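Structure, as structure tokens:
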Amino acid sequence: MPSPARLIRGGLVLVGNTRFESVSILVRDGRIKALIDGDGPADVEVIDAAGRIVIPGLVNGHTHSHGALGRGGVPDDATLETFLAGAGALNGNRHVDDLRLSAELSAVEMIRKGCTACFDLSVELPSPSVEGIHAVAMAYHGAGMRAVVAPMISDRTIHQALPGLLDAFPPEMRAALAAIAMPPWTETLAICADAVQRWPVPMDRVRPGIGPAIPLHCSDDFLRACAALADDCDLRLQTHLAESRMQQVAARRRYGTSLTAHLGALGVLSARASGAHGVWLSETEARLLAASGTGIVHNPMSNLRLGSGTAPVRMLADAGVGLGIGTDASNTSDGQNMFEAMRLGATLSRAQAAAPEHWIGATEAFRMATEGSARILGLDRVGRIEEGWAADLLFLDADYCHYVPLRDTLSQIVFAENGAALREVMIAGDFVLKDGRVLTLDETALAERARTAARRLDAANAQARQMADAAAVIVRSFCRGACADFPPASHQRGSHGPEN
Ligand SMILES: [Zn+2]
């Protein structure tokens with residue numbers, strides 16, 4: 001049902017992601033009808049925004065809703081590959097209700113931290129189900145968020161994906177790991193297509209996508225079929241691209257070329273496709289991405305947590321690659337804070353380059369975290385406060401310490417805000433956070449359900465956890481050896497040399 005017309009009056013408004021003005025925002029049918037100097041029409045509901053800084057909602061270009069129920073479950077010393085090898089211990093034995101619960105938990109945190117839309121690669125083990133995909137879609141629908149819900153799928157285990165890994169295990173473990181197989185991709189993709197055909201909620205706000213997990217974890221035929229399904233059904237496609245050095249090393253061994261060149265040869269690169277992370281991309285790959293319109297989502301916190309490195313954001317931007325920012329999951333990045341991700345997007349660039357002209361500035365980081373990510377999601381006119389754009393708005397308390405005194409508002413938002421000054425969140429013209437409460441979900445009941453589910457899942461996955469811990473030692477040693485001869489990219493500044 002369209003929300004009633006509303007006039008947001010008295011706030012300091014970020015217009016066009018370029019300048020702050022004291023204007024009123026007329027909202028009708030979920031969109032910004034007009035920006036008005038003065039009082040505006042008298043026959044609409046007035047929202048008093050005096051003392052508020054009003055900015056567009058942040059858009060999370062890459063996350064995994066299943067991560068919320070896995071909070072605290074990633075070992076302190078996990079790398080990407082040991083984390084992936086232990087995925088069954090975190091995500092196994094989940095019911096459809098758990099998938100919805102985890103997505104609701106994730107949505108609550110995103111809303112509380114100023115995120116109004118996300119690209120969710122949600123996993124269900126051992127393979128997706130229509131019910132599971134729909135449960136996640138219904139969670140976002142209920143939360144009132146915008147989302148692309150893309151089942152994260154693969155047809156190879158990590159032991160099949162990384163050439164030589166299985167041989168690194170002692171015989172008894174090798175036999176057990178070799179026996180694990182993913183379902184045939186044709187079955188998996190048929191389920192995804194069925195889920196799209198019978199989509200359970202209106203597509204204007206929550207729409208389906210497709211998420212081939214990692215190129216190496218998907219056979220070439222599978223990747224081609226994912227791209228074809230995306231074309232046929234007008235879906236956004238997202239994969240994890242060059243997240244770790246190990247992935248580029250394995251790509252050289254398996255494909256004889258880079259990950260991006262291989263995806264290009266398969267026809268996966270396109271304006272509807274995006275890669276998450278992109279930490280280990282070369283300039284040649286950046287040119288391929290830019291030429292095809294494929295975007296990249298920067299996930300700085302997760303990359304730091306897993307020691308993956310720092311994405312070459314300036315190089316990608318200069319090459320013309322469309323960029324967004326994401327949090328990644330609440331397991332590997334321990335939260336869903338887009339303010340934090342945006343701040344890291346700006347500040348980490350300063351550790352990569354001495355010259356300030358190569359840094360990511362506050363305005364650039366803000367645009368990546370709003371309209372940049374929205375383009376990755378394929379959303380129409382989302383991520384700016386302008387006539388005709390979505391009425392997805394954040395209201396920050398201008399009296400909060402971050403803004404006292406107030407000199408450079410956007411700089412103070414990007415470099416200081418962490419969600420503590422956030423007072424209200426509006427999506428499509430309706431409040432979803434107000435008076436300290438998420439209005440669309442029962443947080444108390446969610447917390448109780450989460451604690452109960454975590455106890456059950458931890459008990460059910462205890463044996464898998466033991467296996468994962470034992471395997472992690474071998475996986476880490478294998479990756480260290482495999483990467484020894486692969487030079488770190490110049491933008492990594494030697495922090496990921498062979499000794500790592
Ligand atoms: Zn991810």
Just need the relative contact order of region 58-377 here, percent rounded to a whole number, with Cα pairs under 8 Å and 6+ apart. 21
What percent do you get for the relative contact order of region 1-146 when only Cα pairs under 8 Å and 6+ apart count? 22
Give the distance, in whole Å, between the Cα centre of region 109-147 and the Cα centre of region 209-278. 22
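Rounded to whole Å and sorted largest first, what semi-axes of the equivalent ellipsoid does the C-alpha gyration tensor of the chain yield via the square root of 5 times each eigenvalue? Let's see the in-between values first.
Numbers: eigenvalues 279, 126, 87 Å².
Semi-axes (√(5λ), whole Å): 37, 25, 21.
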With runs of 4+ DSSP H residues as the only contributors, calculate the mean residue ellipticity of the chain at 222 nm using -39,500 (n - 2.57) per run, divided by the residue total and rounded to the nearest 500. -11500 deg cm²/dmol
If I take R0 = 30 Å and measure r between the Cβ atoms of residue 284 and residue 469 in this structure, what FRET efficiency does the formula 1/(1 + (r/R0)^6) give, to the nearest 0.05? 0.20
With all protein chains modelled, accessible area of residue 401 [1.4 Å, Å²]: 90
On average, how much accessible surface per residue is there in region 58-377, in Å², for a 1.4 Å probe, leaving out ligands, DNA and RNA? 31
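Helices from the chain with mean Kyte-Doolittle at least -1.0 and a Cα length along the axis of 27 Å or more, per DSSP H: which?
Numbers: long enough: 462-483 (31 Å, 0.45).
Answer set is 462-483.
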So what's the gap between the Cα centers of region 42-81 and region 170-199, to the nearest angstrom? 31
Prolate/oblate/rounded label for region 269-391 (Cα gyration tensor, a/c 1.5): rounded
Any idea of residue 287's accessible area? Nearest 10 Å², probe 1.4 Å. 140
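The values are calculated or read from the model by the stated rules, or taken from the named source; none is laboratory data. For clarity, every value in this text was computed on a predicted model and none was experimentally measured. Positions of Cβ are backbone-derived with ideal geometry, glycine not excepted, and every protein chain shown enters the neighbour counts. Accessible surface is based on the protein model in full, side chains and every heavy atom, while ligands, DNA and RNA are left aside. Shrake-Rupley method; radii C 1.70, N 1.55, O 1.52, S 1.80 Å.
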